[in-house]
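Report on the structure given below.
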Amino acid sequence: MLQENIANSPLAPEQLNKVNLAVQDLNTNQLLWVSGFIAGLSGQNKIESNNNRQTKLTILYASQTGNCRSLAQQYYQKCQSLSINCQLHSLADYKPRNITKEEYVAIIVSTHGEGDAPDDAEIFHEYLFSNKTPQLKSLKYSVLALGDSSYEKFCQTGIDIDLQLKKLGAQSVIDRIDCDLDFEESFSVWQEETSGYFSKNIDKPESNVAPLALLKSNPSEQFNRKHTYTSEILSIQKITTQESVKNVYHIELNIDGSNINYRPGDSLGIVAQNSNDTINALINSRGFDANKIIQYKNKEQSFVSVLRSLEITLISKSFLKFYAGLLGPKGFNELVNNHQQFQNFVSTRQLSDVLSEYPTPISEQQLVDHLFTITPRLYSIASSQLKNPDEIHLTVALVESSTKQPNNGLVSGLLCHSLKEGDKVEIYVENNRNFKLPENKDTPIIMIAAGTGIAPFRGFLQERQETNATGNNWLIFGNPSFDNDFLYQLELQKHFKANLLTHIDLAFSRDQKQKVYVQHKVKQKAAEIWQWLEQGAHLYICGNKDHMAKAVEAELLLLIQEQGKLNTEEVKIYLTELKRNKRYQKDVY
């Protein structure tokens, strides 16, 4: 109850009850926003002279998967504990021009794919690099950049923001810290150094009111990558045929009694450990001693026990650089330095394959010292909780390597190959605020998907059906073959017959001599898509970020230019407005 969270409250009991009722259904991020909002109201009620204005720290974050949001919330709470006057905002909710009014800013930002800014940061990023941005000589800031060193443009968004702020005259309080997949230790260093600086230079808050973030939060958010929910597998069903070039499965998980809440467009995080087969393959690849005692996280542990939680089904560029050094002249330095060659190399191999194919002396300790801990795998949720209140559905493609010793992906292998119905898996929901249905149920939507990208749109259609939404629904879907790969065919046909799915266009690339993909369907339907957009439709893309999503967006830009008779600058403005109004959203991987 609220009475238990706020000591010595000046509120009357009935006022406390009203506040409690107002916040009881809010999640952590919403509570943090309300905290800042109320703090702002309290400031407005004070008559302040210019000489008595309080300094404050503004914490900004932008994340594609939720990691930056989680770290920003931790950082906010750390600053609160140090009595630093601070506020927390997602860059999606932050007016970019407000940066000109700030004195102290901490930015936590990830990079999406090959150097792209996450959706939350796109508009801020554009503003920062526009001609409209004035000098920021009074701003003191720090940037924590998250990324994946396996990508060519590692932490590029954080680097871009840092360098541009410097160019505009802002002063960095400490050097930017770039974090790889194992970001916890780097974050702790950055947090201690920056909070120490801000604590010395920023005023203490005038009020001792406890932040609303410390009140009872949404029970659904008690589960995260560090504290998962153990879910039972209810169903595993293969939904491609034996003749298909892909092995795709429909998975149903039980969340009955968990208090987990999700919305269509959210993702499910799955936390897993390496299987015995995967570990044994690695140990046998170089004749390692499974019982060798090594140092890991300041503890002495056996080599085999440590391997359980280390990333050995995926190969990082940082490990390959280290291993290339051990190999010497016979190594693969060119492969490490050429990103496309690196991608091609690791896409068909696991760590055991590399150690077998390129043998050189390496100790158990050396190996462990250069591996990351396993990161959760995120899957787009393929269901609506309104239709399936106690279940979460997934659409999972089995990842298979093509080496001499076939291997499966860590989680896809677990769900589609190793586990069976009745077994358990560790899960948590990752909210995706950038891939949501329109609030207005009359709004038409266009959904463009390839392969397992159909998953969130299955949830969208279920949600639209359960809420009696009247807006038209158009699906453009592609896969290799109609006979072998038409995922959820019967469901989609039923939706079409019931007029829930008002339009459907299919692109099965291998069913004719000339390959047809979803971007070709976008081109064919350009006039109609433009008409829908002009009528207020929301457009969604889900699928592979490197090929499908880029090809579809290229056709979309051409469509806007030709159908709208706009020049290049006007097309850019049109697309920006679609994004700003949440009418163009992508869930790509």
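The values are calculated or read from the model by the stated rules, or taken from the named source; none is laboratory data. Note that the structure is a prediction, hence the values are computed from the model and not measured. Neighbour counts are summed over all protein chains in view; Cβ atoms, including those assigned to glycine, are modelled from backbone coordinates with ideal geometry.
Is it the case that the stretch 395-412 has a residue that's under 30 Å from N581 (Cβ atoms), within 23 Å of the chain's Cα centre (by Cα) and not in a loop (DSSP other than H, G, I, E, B)?
We begin by selecting, within the stretch 395-412, every residue under 30 Å from N581 (Cβ atoms); these are 395.
When the remaining residues are screened for being within 23 Å of the chain's Cα centre (by Cα), the result is 395.
Right, trim to not in a loop (DSSP other than H, G, I, E, B) and you get 395.
Yes, the stretch 395-412 contains at least one residue that is under 30 Å from N581 (Cβ atoms), within 23 Å of the chain's Cα centre (by Cα) and not in a loop (DSSP other than H, G, I, E, B).
Residues of the stretch 447-463 that are β-branched (V, I, T) and outside any helix (DSSP H, G or I): I448 alone. Within the stretch 348-361, one or more residues are under 19 Å from D289 (Cα atoms), of a type in the set (V, I, T), surrounded by 15 or more Cβ atoms within 10 Å (Cβ to Cβ) and touching a Ser or Thr at 6+ places or on another chain (Cβ under 9 Å). Considering the stretch 559-589, the residues that are of a type in the set (A, V, I, L, M, F, W, C) and under 25 Å from the mean Cα position of the chain (by Cα) include one that is surrounded by the fewest Cβ atoms within 10 Å (Cβ to Cβ), namely L575.
Each row is one residue, and each column tells you yes or no for (1) out of contact with any helix residue (DSSP H, G or I) (no Cβ under 6 Å at 6 or more places or on another chain); (2) buried (at least 17 other Cβ atoms within 10 Å of the Cβ).
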{"position": "D485", "(1), (2)": "yes, yes"}
{"position": "Q512", "(1), (2)": "yes, no"}
{"position": "V522", "(1), (2)": "no, yes"}
{"position": "H538", "(1), (2)": "yes, yes"}
{"position": "D546", "(1), (2)": "yes, no"}
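Taking the stretch 226-338 and the strands (runs of 3 or more DSSP E) fully enclosed by it, the elements with 2 or more residues that are surrounded by 20 or more Cβ atoms within 10 Å (Cβ to Cβ), of a type in the set (A, V, I, L, M, F, W, C) and in contact (Cβ under 8 Å) with a residue 60 or more places away in the chain are at 248-254, 267-271.
You will find that of K132, K153, K137, K166, the residue that is out of contact with any helix residue (DSSP H, G or I) (no Cβ under 9 Å at 6 or more places or on another chain) and in a loop (DSSP other than H, G, I, E, B) is K137 and no other. So, of the residues in the stretch 164-199 that are closer than 15 Å to L71 by Cβ and hydrophobic (A, V, I, L, M, F, W, C), which turns out to be surrounded by the fewest Cβ atoms within 10 Å (Cβ to Cβ)? Residue satisfying both the conditions and the ranking: V189. The sole residue among I427, I445 that is among the hydrophobic types (A, V, I, L, M, F, W, C), at pLDDT 95 or above and touching a His at 6+ places or on another chain (Cβ under 6 Å) is I445. For the stretch 95-128, which residues satisfy the criterion of being part of a loop (DSSP other than H, G, I, E, B) and either surrounded by fewer than 21 Cβ atoms within 10 Å (Cβ to Cβ) or modelled with pLDDT of 95 or more (or both)? K95, E102, E103, G113, E114, G115 - these are the residues of the stretch 95-128 that are part of a loop (DSSP other than H, G, I, E, B) and either surrounded by fewer than 21 Cβ atoms within 10 Å (Cβ to Cβ) or modelled with pLDDT of 95 or more (or both).
For the stretch 366-388, taking the residues that are modelled with pLDDT of 95 or more and among the β-branched types (V, I, T), the one that is surrounded by the fewest Cβ atoms within 10 Å (Cβ to Cβ) is identified as V368.
For the stretch 260-282, indicate whether the set of residues that are closer than 30 Å to P438 by Cβ and hydroxyl-bearing (S, T, Y) is non-empty. Checking the stretch 260-282: at least one residue is closer than 30 Å to P438 by Cβ and hydroxyl-bearing (S, T, Y). Checked against the criterion of being among the basic types (K, R), outside any loop (DSSP other than H, G, I, E, B) and under 28 Å from Q385 (Cα atoms), the candidates K550, K545, K523, K494 yield just one match: K494.
Every residue, every condition in (1) over 18 Å from I446 (Cα atoms); (2) not in a strand (DSSP E or B), yes or no:
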| position | (1), (2) |
| --- | --- |
| N484 | yes, yes |
| L500 | no, yes |
| A507 | no, no |
| Q512 | yes, yes |
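Does the stretch 445-465 include one or more residues that are loosely packed, with under 15 Cβ neighbours inside 10 Å, of a type outside the set (F, W, Y) and out of contact with any strand residue (DSSP E or B) (no Cβ under 6 Å at 6 or more places or on another chain)? Checked the stretch 445-465: no residue is loosely packed, with under 15 Cβ neighbours inside 10 Å, of a type outside the set (F, W, Y) and out of contact with any strand residue (DSSP E or B) (no Cβ under 6 Å at 6 or more places or on another chain).
When only residues in the stretch 339-367 that are assigned to a helix (DSSP H, G or I) and either among the aromatic types (F, W, Y) or in contact with a His (Cβ under 9 Å, 6 or more places away or on another chain) (or both) count, which is nearest to L320 (Cα to Cα)? By that ranking, first place goes to F342. Does G471 meet the test of being crowded, with 22+ Cβ neighbours inside 10 Å and among the small types (G, A, S)? Answer is no for this residue.
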